[in-house]
Amino acid sequence: MIFLATHQGIKAWIQKTAAATLLARRFVGGENENAVVAKGLELKAQNLLVSFFHLGEYVTDKTLVDQTLASLKKTMVHARKADLDLHLSIDPTQAGLIQGTGACQQNLTRLARFLKSLERPGNLDVLMIDMEDASVTQPTLDIFRHLIQAGLPAAITLQACLFQTPDDLKSVIEAGGMVRLVKGAFAEDSHIAHTRKNKIDQTYLSLAKDMLHPDAIVNGFYPVFATHDHRLIQEILKTARKNQISPAQYEFEMLFGVRPDLQQELVQKGCRVRLYLPYGKDFWPYAVRRIGENPKNMTFLIKSLI
Ligand code: FDA
């Protein structure tokens, strides 16, 4: 999968010849800002919220970093006009982390300031920082803390697999911030992370319970559970009910195109469900990762190629 995702020849060929194919349509919200905002409105009609994500990862070219930031600003302007949340997801390496922590911090600060300038009461407007592999965990956390201290609307993704996450989570809960909890998509070393699925699931649930503790919610903490794991979701719902936490005080987040049945099941129960909605032209590495997570998605790839 890594070979398929990173092979420049395959990527260029697929993205040119098979753009707008089944695979891209299944997992990507559109090629540009207008298309993704239109998709956001379509999903809103189904009671689904969105988080906009500009495709591209581990960006080494500064010009592409600038293009990503400019595109996200344009998306925010369109989204505000359409009365959608200004909820952006961004990888630090899309915002210049490879060029340097200072450059990334400056870019994310500017982006968060722009978002803040468009903020509107009643909307959930926030810059959600994605968490990449463990080599960039610390600078990512440092930048997040910088944004919060500057009074900017930022939130952070934490990975249940990492040993350090319980401490990182505790500090954001104490500060009354917002955390998106994921299992972790990167194969990390066993001296820094749980590597067995059972253990990761068990840790996820234990952290989820901390996030739904009544004291955390009273403190202004906002939990986001990003998972498609039906069993974990049932446990989270049970804990929220037991702690008398209303569906408006937390949310579930899933990937656009993944488990639409489960998304609707939660909406029917009155839960807040947000979809991670990627857009842009560089869809191939993102789509391949979805196949890696679930080989059944290979069907979309095969159908798109024949
Ligand atoms: P798990 O992998 O156990 O899957 C549970 C169930 O969902 C299974 O039945 C499985 O088949 C199904 N499923 C999962 N993925 C599927 C797919 N692609 N297609 C079809 N079915 C699928 N990671 C990270 O390290 N940093 C980050 O910033 C983020 N950000 C992020 C945001 C959002 C909104 C989501 C939903 C996920 C992430 N992730 C992430 C990815 C996350 O760490 C994890 O790899 C995936 O969500 C898959 O884990 P699940 O919790 O869904 O459980």
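The values are calculated or read from the model by the stated rules, or taken from the named source; none is laboratory data. Predicted model, so just to flag it, every value in this text is computed and none were measured. FYI the Cβ positions are ideal-geometry reconstructions off the backbone, even for glycines, and counts take in every protein chain you see.
Any chance you could count how many residues in region 188-206 are under 18 Å from the mean Cα position of the chain (by Cα) and more than 10 Å from the ligand (Cβ to nearest atom)? Give the derivation first.
Keep residues of region 188-206 that are under 18 Å from the mean Cα position of the chain (by Cα), which gives 204.
Then drop every residue that is not more than 10 Å from the ligand (Cβ to nearest atom), which leaves none.
Residues flagged as under 18 Å from the mean Cα position of the chain (by Cα) and more than 10 Å from the ligand (Cβ to nearest atom) within region 188-206 amount to 0.
Suppose we filter region 99-134 for residues that are more than 20 Å from the chain's Cα centre (by Cα), of a type in the set (D, E, K, R) and within 19 Å of residue 68 (Cβ to Cβ); how many remain? Explain how you work it out, then say what you get.
Within region 99-134, the first condition is being more than 20 Å from the chain's Cα centre (by Cα), and the residues that meet it are 99-103, 106, 117-118, 120-122.
Adding the requirement that they be of a type in the set (D, E, K, R) leaves 120.
With the extra rule that they be within 19 Å of residue 68 (Cβ to Cβ), the set shrinks to none.
Summing the residues that are more than 20 Å from the chain's Cα centre (by Cα), of a type in the set (D, E, K, R) and within 19 Å of residue 68 (Cβ to Cβ) in region 99-134 gives 0.
This table checks each residue for (1) out of contact with any helix residue (DSSP H, G or I) (no Cβ under 7 Å at 6 or more places or on another chain); (2) buried (at least 23 other Cβ atoms within 10 Å of the Cβ); (3) of a type in the set (Gly, Ala, Ser).
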| site | (1), (2), (3) |
| --- | --- |
| 53 | yes, yes, no |
| 60 | yes, no, no |
| 80 | no, no, no |
| 94 | no, yes, no |
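Report yes if residue 223 is within 26 Å of residue 278 (Cβ to Cβ), free of Cβ contacts under 8 Å to residues at least 12 places away in the same chain and out of contact with any His (no Cβ under 8 Å at 6 or more places or on another chain), otherwise no. Let's see the steps before the verdict.
Details: within 26 Å of residue 278 (Cβ to Cβ): yes; free of Cβ contacts under 8 Å to residues at least 12 places away in the same chain: no; out of contact with any His (no Cβ under 8 Å at 6 or more places or on another chain): yes.
Taking the combined requirement at face value, the residue does not satisfy it.
Yes/no per residue for (1) β-branched (Val, Ile, Thr); (2) under 17 Å from residue 224 (Cβ atoms); (3) more than 17 Å from the chain's Cα centre (by Cα):
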site	(1), (2), (3)
136	yes, no, no
145	no, no, yes
149	no, no, yes
153	no, yes, no
157	yes, yes, no
167	no, no, yes
173	yes, yes, yes
185	no, yes, no
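Give me the pairs, please: first residue somewhere in region 104-133 and closer than 17 Å to residue 51 by Cα and within 15 Å of the ligand (Cβ to nearest atom), second residue anywhere and at pLDDT 95 or above and of a type in the set (Phe, Trp, Tyr), beta-carbon distance under 7 Å, and either six or more positions apart or on two chains.
129/144
Restricting to helices (runs of 4 or more DSSP H) lying wholly in region 1-75: which have 3 or more residues that are modelled with pLDDT of 95 or more?
Values: elements: 2-6, 8-17, 22-27, 33-44.
Helices (runs of 4 or more DSSP H) meeting the threshold: 33-44.
If we keep just the residues of region 254-276 that are of a type in the set (A, V, I, L, M, F, W, C) and in a helix (DSSP H, G or I), which is farthest from the ligand (Cβ to nearest atom)? Reasoning before the result, please.
At the first step, the residues of region 254-276 found to be of a type in the set (A, V, I, L, M, F, W, C) are 254-256, 258, 262, 266-267, 271, 273, 275.
If we keep only those that are in a helix (DSSP H, G or I) as well, we get 262, 266-267.
Details: 262: 8, 266: 13, 267: 16 Å.
Here the answer is 267.
Output yes when any residue across region 203-221 is at pLDDT below 95 and either more than 20 Å from residue 147 (Cβ to Cβ) or among the charged types (D, E, K, R) (or both), and no when none is. Walk me through how you get there before you give the answer.
The first filter runs over region 203-221 and keeps only residues at pLDDT below 95, leaving none.
The answer is no, given that none of the residues of region 203-221 is at pLDDT below 95 and either more than 20 Å from residue 147 (Cβ to Cβ) or among the charged types (D, E, K, R) (or both).
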